[in-house]
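Here's the structure we're looking at; comments come further down.
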Amino acid sequence: MTRGQFLTDRHERAPREQARFIELFAGARLAIRRTLLTYLGHAEDADDLLQETGVVLWERFEEFEQSRSFASWACGIAANKARMLLRDRRRHRTLQLSERAVANLAKVHAAASELHELRLEKLEECLGSLPDRDRGLLRACHGRHGQIADWARAQGRPEGTVRSRLTRLRRKLYDCVNRKLGLTEDRS
Amino acid sequence: MNGSSGSLAPRPEDVRRVESLAEAVCEGRLSADAAADLDRLLAGDLTLCQVYLNYMQVFAALTAPDESVAGLSETDRGLPLRRATRRLPRVVAFAAAACGLVAIFGGSFAAILLRKPPAVATVQALSEDAEVRSSDFGIGTLVRPDERVRIEAGVVTFRGEAGTTVDVRGPATVSWSGDNRLKLITGRLRAVVPPPAVGFTVLTERAEVVDLGTEFVVEHRLEEDTRVGVRSGRVDAYALDTSGYRLRVASLVAGQSAVFDRAAEIYDAETAELGDWFDRRVGRLRSLSGAARLAAETPEDVTAGGTVTRSHVLVIPERRGVVLDRPLVVGAGDRARTLPAGTPLRSYLVHFDPHLVNARAPKGTLRFAGPIAAVAADASSLDATDEPFGLSETAYGGSTERGLEDGDDATATADGRVLKFNLEIDLGSHVRVDQVRVLTFEET
């Protein structure tokens, strides 16, 4: 039986289940995408894997216990998919991690989910404190390596300057979150 | 201490190193040596893993912003179509989520979950070397709005809902939208637009090409310039800024080409070789069905055993624009046709040679853009048409028995543009192949 047939069978059997899945997936999509981005560090890879993850989640939806958090369940599966990709892509991608390193990341990621939530809250506060122009730069260029040059040209700024600014902003936000959590001194 | 069990107090310099390496990952500039260093650090200390994940979390949150986060409400990361969704009002958040689901899942899955949005294109033909990143992709596959189709190799021919035929040469990534538009994310294509589909638009990072009734080619590579060439008719091609807004326009007519660079400047360009490639390798085939594939490359030898096909016929585009200086009779008996002198003709060889291998008998149809002028299905007609229509780099005939036998069938259907074939297997023969040469008028 092919995947398409499998999905079709489920579609015919359980329209309410589909609606429930769509609702849950829409609510968890951002968290899933961020999980993938955290592991992969590459927007296009993450978006590709998001699609595959969605299919897997639907196929395994019967396993999902309604009493649990769908986002946690889905992010766990997404993390596993990302780990597999990291192993597979050792041959042709720049990020090369061993089984051990990937396993360590997974352990920490699973154990620190609440801390990650807290860090996201702090990150929002830190973002809110940035000047408008910095937020504009992040909105226009972050995660889009190919568009930095275009944006820089349109703004009449050297591309290197824009890249440096993005790096500094990322670092500033990272330090800001750590500082708010009392983990480090402000290095900005 | 840095032990494999994980320490709560890694060395400060290791923390700084991991942060620096995480930044390199974010910037996409991690060298192999740096990656090995990162691997060593992460494999050896769980606390450093936490540092790494913390850093990458910032990257992830900025790349996938939450609409509730101050000032980072633009979530679309696509090509210039994003201008249609910029500054999305919060009141349509639910609808946006549903649309996002379509974009994320692509074709079949989204179709099932969201009650199958109508297909906007159909796969009409594949070359024998076509590789598409999808488990169940083939002739007849329906393409849903915004479904991303990744073609790793070969040629895929689509037909848009309004009738546009688009040949895409891999490696390429395209997605169709439901408004007579196609996004060329990367790759090369040829579009042939019939009158009902005028206005068909191809969108790249750099340009928006609006057809005004024509045939044109487009080439685009990610982060590079876009080349546009018009084979016939006219297009308006707009240079886009980084937000996808039109900045300037070039009206191109037959024989003209232009390149659109990242500064939205437009220059003259040369695209003849791109159009020629499609003409040579795809010809004017509109669609295949059943057991038929377009040849991946021009075969050197189509005598028995020279180009083996297992369970499908191979369609080999041959010479084009051939003008006979005297009429030529093709076929015999009731099927005899006289090819006129002075009229441009185009040729395709349909070739089937399982060569002693147990194969399935192929059947299917081939649809051509131009009307079929004659079908050479017997050995003498094939031999007689080798010289004017065959390719100079291909070996034909020789001692090979060619043509169709009793039980084989290849005939033009009533509308004159479709060849229907149903061939039998010639068991045990190592000197014969089933071949048909289809001669069409060049379409006007």
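Skipping prolines and chain starts, which residues have an amide H placed within reach, meaning under 5 Å, of the one on residue B:120, given they are 5 or more residues away or on another chain? Amide H neighbours of residue B:120: B:143, B:144. Distances between placed amide hydrogens fall under 5 Å for residue B:125 paired with B:157, B:288, all partners being 5 or more residues away or on another chain.
Could you sort the peptides B:25-32, B:147-154, A:166-173 by per-residue average Cβ neighbour count (10 Å cutoff), highest mean leading?
For the peptides B:25-32, B:147-154, A:166-173, the packing ranking is B:147-154, A:166-173, B:25-32.
When the charge dipole of segment B:194-333 is built from unit charges on Cβ atoms (+1 for Lys and Arg, -1 for Asp and Glu) and taken about the Cα centre, the candidate among B:218, B:200, B:242 whose Cα reaches farthest toward its positive end is B:200. Relative to the Cα centre, the charge distribution of segment B:323-380, modelled as +1 at Lys and Arg Cβ and -1 at Asp and Glu Cβ, gives a dipole magnitude of about 220 debye. Each 5 Å bin from zero holds the following percent of Cα-Cα pairs in segment A:37-180: 2, 8, 14, 15, 17, 18, 14, 8, 3, 1, 0. Our coupling estimate for segment B:259-266, obtained by passing each phi through the Karplus curve with A = 6.51, B = -1.76, C = 1.60 and θ = phi - 60°, is 10, 10, 9, 6, 8, 6, 8, 10 Hz, Gly and Pro reported as x. Summarised in one figure, the compactness ratio Rg/Rh of segment B:116-258, Cα atoms and Kirkwood Rh, is 0.95. Expressed in whole Å with the largest first, what are the equivalent ellipsoid semi-axes of segment B:242-315 derived from the C-alpha gyration tensor as the square root of 5 times each eigenvalue? Each semi-axis is √(5λ); the values are 40, 15, 11 Å. Derived scalar couplings between HN and Hα for segment B:140-153 equal x, 4, 8, 10, 8, x, 6, 5, 8, 10, 9, 9, 6, 7 Hz in order, rounded to whole Hz, by the Karplus curve 6.51 cos²θ - 1.76 cosθ + 1.60 (θ = phi - 60°), x for Gly and Pro.
Shown in residue order for segment B:246-254 are the 3J(HN,Hα) couplings computed by the Karplus curve 6.51 cos²θ - 1.76 cosθ + 1.60 at θ = phi - 60°: 6, 10, 8, 10, 10, 8, 10, 10, 3 Hz (x for Gly and Pro). Mean partner shielding of peptide A:122-133, defined as the number of other chain Cβ atoms within 10 Å of each residue Cβ, is 3. The residues B:56, A:84, when put in order of fewest to most other Cβ atoms within 10 Å, stand as A:84, B:56. Applying the Kirkwood pairwise sum to the alpha-carbon positions of segment B:234-367 produces a hydrodynamic radius of 18.8 angstrom.
We did not get these values from a lab; they are worked out from the coordinates using the rules stated. On a predicted model such as this, the values are computed, not experimentally measured, just so you know. In this analysis, Cβ positions are derived from the backbone assuming ideal geometry, glycine residues included, and neighbour counts consider all displayed protein chains.
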